[in-house]
């Protein structure tokens, strides 16, 4: 079975771990969000790609969900002593190595997709991880700060401000000019099923879908496209998805997110059992819907979610 | 009193600490060797400049003589896990921060001299540290390896091979095209005394003197130029200076090194008490010479050496 998964960071990575456990023999291609990439200290940092790679490769800081296990922060401490920031972005000593290798390879002329493949040679994530694009896309968030409207990098909004001010708009700068990375459209065309994990619908999956050609390829693939709601009981399971949903005029409900993707894209949608009432509404929007436990409390629970998604795909296929 | 000191790494840095203790109110300008600079992992590393800066700024690993105190090596360990080397060059997590800041500033267009000044803003070494040049100079060593003659980077010869094969030639590549960094010639012209610490006469002080204009400025300064022998009892006090002295046809003796600098450059020379016999020979070469203890066993002993050098300078001046 060939599965394509669109993934952001922590939520996507944890779901993928469950998916691998549910179907160990499946051929899984992950299309990773790169809109949250950021240049820091002259290095190219790809937080979402790395979270997927570290999580599936066994190098993740489990409690935190991002960054490396057994991490130290001496380099960052020293940068601070030199007065060089930002201090709000937590790059650890081990993590730095990934960004140094990536930056060197990019400087040597390799596209991000080739670099990601090389990094994965070490981590052996057990999936094929492809960035959505080799071109530069940078998600900016329009906010009002000190009475002034300005566009800031997504990481500054998310990590520094912790989404404490309303997002007025979310713009994946450069997405309209970006091309899908080599392998992205091919993987979608050859997929048996396409999954949207409970990742952020705006800044993770939304950004991937903003790369011209990807949304169309998914809609035209002719295979079940199944999503899992990142909203449970009208609140994001983790993160601050509600803040950026508001910016695109979408309510923080499982139903609203399904409608935001739309029946032109989505064939099936899983909501949590606490949102069982949403099933009828989602189905009224032309999307097959089931209510199942959606809390990724451990690998087993997550594997069950993945199985439910694949079961719903079979149901869609048989319909 | 304005003192100019030509310095390599560990020997120069330790001597400078003694000099500061001997004459706390002196205005000291250090002209640092950059021939051992190396690009690693896309970063510009300046081992000699950093050794001086860390030693005088209180950040040095005292036992080792180079690198940072309380250091960890997680980043390097991870680079190794990615298969990215060289593994023979010991860059620690704290040390990396210096190279990242330097590389960013150079990328932003600042010359190395301005970058060094900025880094010293943090370390407050209590001296003015200027690289010998803002231009790229890279010391290469010609060796025979596996039956083949090749030129390798000085660091590869020194750190990886530990000078285990004979150096057939030592070439400061680029030195002939280099210009002294801003402030170098001015400091020499305004100096009251110029000191050559017990640094490597070939790859440290020799490289500085290879930058066109510096040797001439020192010879023409009209002030005492005093050196301290890095050779005690026919062997280098530390390091492997004998290996590179052989490459330039100079014996590993206190006398031969003084003659190598020559009376056209050097006015006074300190040898260790065990080399008292050298005094007569050196003076016969037209260089005033004294035998004093030259082991930098601690800061007091080093301060005494510095005082002896300044006393010899006064003697030269009064002659």
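Within the stretch A:275-299, which residues are touching a residue at least 40 places away in the same chain (Cβ under 8 Å) and in a strand (DSSP E or B)?
Matches in the stretch A:275-299: none.
Output the residues belonging to the stretch A:141-158 that are closer than 24 Å to residue A:112 by Cα and either part of a loop (DSSP other than H, G, I, E, B) or within 16 Å of the chain's Cα centre (by Cα) (or both).
A:154, A:155, A:158
Inspect the stretch B:101-112 for any residue being within 11 Å of chain A (Cβ to nearest Cβ), without any contact (Cβ under 8 Å) to a residue 24 or more places away in the chain and surrounded by 24 or more Cβ atoms within 10 Å (Cβ to Cβ) and give the result as yes or no.
no
So for the stretch A:142-161 (the condition being more than 14 Å from chain B (Cβ to nearest Cβ), touching a helix residue (DSSP H, G or I) at 6+ places or on another chain (Cβ under 6 Å) and on the phi > 0 side of the Ramachandran plot), does at least one residue qualify?
No, every residue in the stretch A:142-161 fails to be more than 14 Å from chain B (Cβ to nearest Cβ), touching a helix residue (DSSP H, G or I) at 6+ places or on another chain (Cβ under 6 Å) and on the phi > 0 side of the Ramachandran plot.
Which residue pairs have Cβ atoms closer than 8 Å, lie 6 or more positions apart in sequence or on different chains, and pair a first residue in the stretch A:34-51 that is within 17 Å of residue B:107 (Cα to Cα) with a second residue that is assigned to a loop (DSSP other than H, G, I, E, B)?
Sorted first by the residue in the stretch A:34-51, then by its partner, the pairs are A:40/A:86; A:40/A:89; A:40/A:91; A:41/A:84; A:41/A:91; A:44/A:37.
For the list (1) over 16 Å from the mean Cα position of the chain (by Cα); (2) at pLDDT 95 or above, I need the number of the one condition that residue B:164 fails.
With (1) over 16 Å from the mean Cα position of the chain (by Cα); (2) at pLDDT 95 or above applied to residue B:164, the lone miss is (2).
Only one residue in B:319, B:217, B:235, B:258 is in contact with a helix residue (DSSP H, G or I) (Cβ under 9 Å, 6 or more places away or on another chain) and at pLDDT below 95, so which one is that?
B:235
Looking only at the stretch A:73-89, which residues are surrounded by 16 or more Cβ atoms within 10 Å (Cβ to Cβ) and facing chain B (nearest Cβ under 7 Å)?
Hits for the stretch A:73-89 are A:74, A:75, A:78, A:79, A:82, A:84.
Can you tell me which condition residue B:131 does not meet? The list is (1) more than 8 Å from every other protein chain (Cβ to nearest Cβ); (2) under 30 Å from residue A:54 (Cβ atoms), and all the others hold.
Every listed condition holds for residue B:131 apart from (2).
Output the number of the condition that residue A:38 fails; it satisfies all remaining conditions of (1) surrounded by fewer than 24 Cβ atoms within 10 Å (Cβ to Cβ); (2) more than 14 Å from every other protein chain (Cβ to nearest Cβ); (3) out of contact with any helix residue (DSSP H, G or I) (no Cβ under 6 Å at 6 or more places or on another chain); (4) under 20 Å from residue A:154 (Cβ atoms).
(3)
The values are calculated or read from the model by the stated rules, or taken from the named source; none is laboratory data. Because the structure is a prediction, the values reported are computed rather than measured. Quick reminder, even Gly has a Cβ in these numbers, built from the backbone with ideal geometry, and neighbours come from all protein chains shown.
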